[in-house]
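The values are calculated or read from the model by the stated rules, or taken from the named source; none is laboratory data. Only a predicted model underlies this, so the values are computations on that prediction, with no experimental measurement involved. For neighbour counting, all protein chains shown are included, and Cβ atoms are generated from backbone atoms with ideal geometry for every residue, glycine included. All accessible areas refer to the heavy atoms of the entire protein, side chains included, with ligands and DNA or RNA removed. Shrake-Rupley method; radii C 1.70, N 1.55, O 1.52, S 1.80 Å.
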Amino acid sequence: MGATGAVGSTILEVLARARIPLSEVVAFASERSAGKQVEFDGSTLECRPLGGDAIEGLDLVISSAGGSVSAEWAPRLVDAGAVVVDNTSYWRMHDDVPLVVTGVNDDAARDHHGIVANPNCTTMQMVVALKPIWDAAGIERIVVSTYQSVSGTGRRAVDELRTQSRALLEGEHPEAEVFPHQVAFNVIPQVETFADGDDYTTEERKVMNETRKILGAGDELGVSSTCVRVPVVTGHSESVNVQTREELSPEQCRKLLARHPGIVVMDAPGEGIYPLAIDAEGRDEVLVGRIRSDPSRERCLNMWVVGDNLRKGAATNAVQIAELLHERELIRAPRRPVRIG
Ligand SMILES: NC(=O)c1ccc[n+]([C@@H]2O[C@H](COP(=O)([O-])OP(=O)(O)OC[C@H]3O[C@@H](n4cnc5c(N)ncnc54)[C@H](OP(=O)(O)O)[C@@H]3O)[C@@H](O)[C@H]2O)c1
């Protein structure tokens, strides 16, 4: 679902090499895209709109068609017999819906009632990097500042960056349509919106709330986030300051992270080696570097965490959840319906 989108097209790419037996793959998009061809595993699929018989007989749906579409269609797909792995924010904080990052909290998937939520891309790459630290030394507080790419907002946002960049280089003054301000050659300290007078954005709230849900922590885990949009096409970068419960030196942290599947440590700053957004693009791992002690506070480390927001931040994790559900025989498991509301 959302097969023509930035995430949906990446899902099709990642799904082609997934460890799941596929008898048929169906591509759903909006009415606008009915009949449009999308690529899958060396061939093409014709997009269908949602509705009617098209949603019958599906075992698994990976959805990235936006929150309002998931709000309406995920329960209908579950009623029709499918398990839904949902990329949107709509179901993530729902009590009956597990929020799963594979390699971090796989067991949470066991308790699904038809919907499994895929976390926000910014949160996802950060918790991958923090989970080994959480397990080894405990974490008291996280302060994260993000440098988020435009593809995190979807295809139209990528087009806007390209169009604005070309126009500005030609001396023109383009309008901002997708973002609240010009994004080309600029840095915008607003990702998503400010809801109901809140002075944190909805993206910043997602980072704070989803991090706690994934790690199974309550308010005792301090999380503070500032989310910023930068003119990068793909790959979110994050400056993460983490205060641990137990002492953990930068060297111990490097060794700990390097042992963990799904993490690549790139940390020789004197030689110019640290993760870059362009290194992360097209990779499924999360890249970590610039690991160093924070001289202003005890038991505190700073690090630089980079990931492809469309891969582990969205499509890769969604497909890994699907693999997990298949391996644990949780696709056709008996379940009670999700409570709506
Ligand atoms: N981009 C990221 O890095 C990222 C990461 C994690 C999660 N997400 C979440 O994933 C979702 C999709 O993001 P995206 O970046 O892929 O957006 P996108 O590029 O704008 O794609 C949106 C997709 O949803 C489809 N769609 C829209 N309305 C629909 C409807 N009424 N019925 C069926 N399909 C419909 C679109 O189809 P048409 O082409 O036919 O309009 C398109 O395939 C969002 O909820 C986003 O928050 C995104």
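Here are a few things to note about the model shown:
- Qualifying residue in the stretch 123-139 (condition: more than 24 Å from Arg245 (Cβ to Cβ), open to solvent by less than 10 Å² (accessible area, probe 1.4 Å) and either within 16 Å of the ligand (Cβ to nearest atom) or part of a loop (DSSP other than H, G, I, E, B) (or both)): no
- Scanning the stretch 26-38 for any residue that is in contact (Cβ under 8 Å) with a residue 24 or more places away in the chain, part of a helix (DSSP H, G or I), over 14 Å from Gly8 (Cα atoms) and within 8 Å of the ligand (Cβ to nearest atom) turns up nothing.
- For the stretch 48-94, a residue qualifies if it is assigned to a loop (DSSP other than H, G, I, E, B), free of Cβ contacts under 8 Å to residues at least 60 places away in the same chain, open to solvent by 30 Å² or more (accessible area, probe 1.4 Å) and out of contact with any strand residue (DSSP E or B) (no Cβ under 6 Å at 6 or more places or on another chain), and the qualifying residues are Pro49, Glu56, Gly57, Tyr90.
- Test: residue in the stretch 254-273 that is at negative phi, within 16 Å of the ligand (Cβ to nearest atom) and either among the hydrophobic types (A, V, I, L, M, F, W, C) or assigned to a loop (DSSP other than H, G, I, E, B) (or both): no
- Residue count, the stretch 95-117 (criterion: of a type in the set (Asp, Glu) and in a loop (DSSP other than H, G, I, E, B)): 2
- If the condition is being surrounded by fewer than 18 Cβ atoms within 10 Å (Cβ to Cβ), closer than 21 Å to Thr153 by Cβ and either of a type in the set (D, E, K, R) or in contact (Cβ under 8 Å) with a residue 60 or more places away in the chain (or both), then the stretch 263-315 contributes only Arg283.
- Within the stretch 19-33, the set of residues being exposed (fewer than 12 other Cβ atoms within 10 Å of the Cβ) and either within 17 Å of Ser64 (Cα to Cα) or within 23 Å of the chain's Cα centre (by Cα) (or both) comprises Arg19, Glu31, Arg32.
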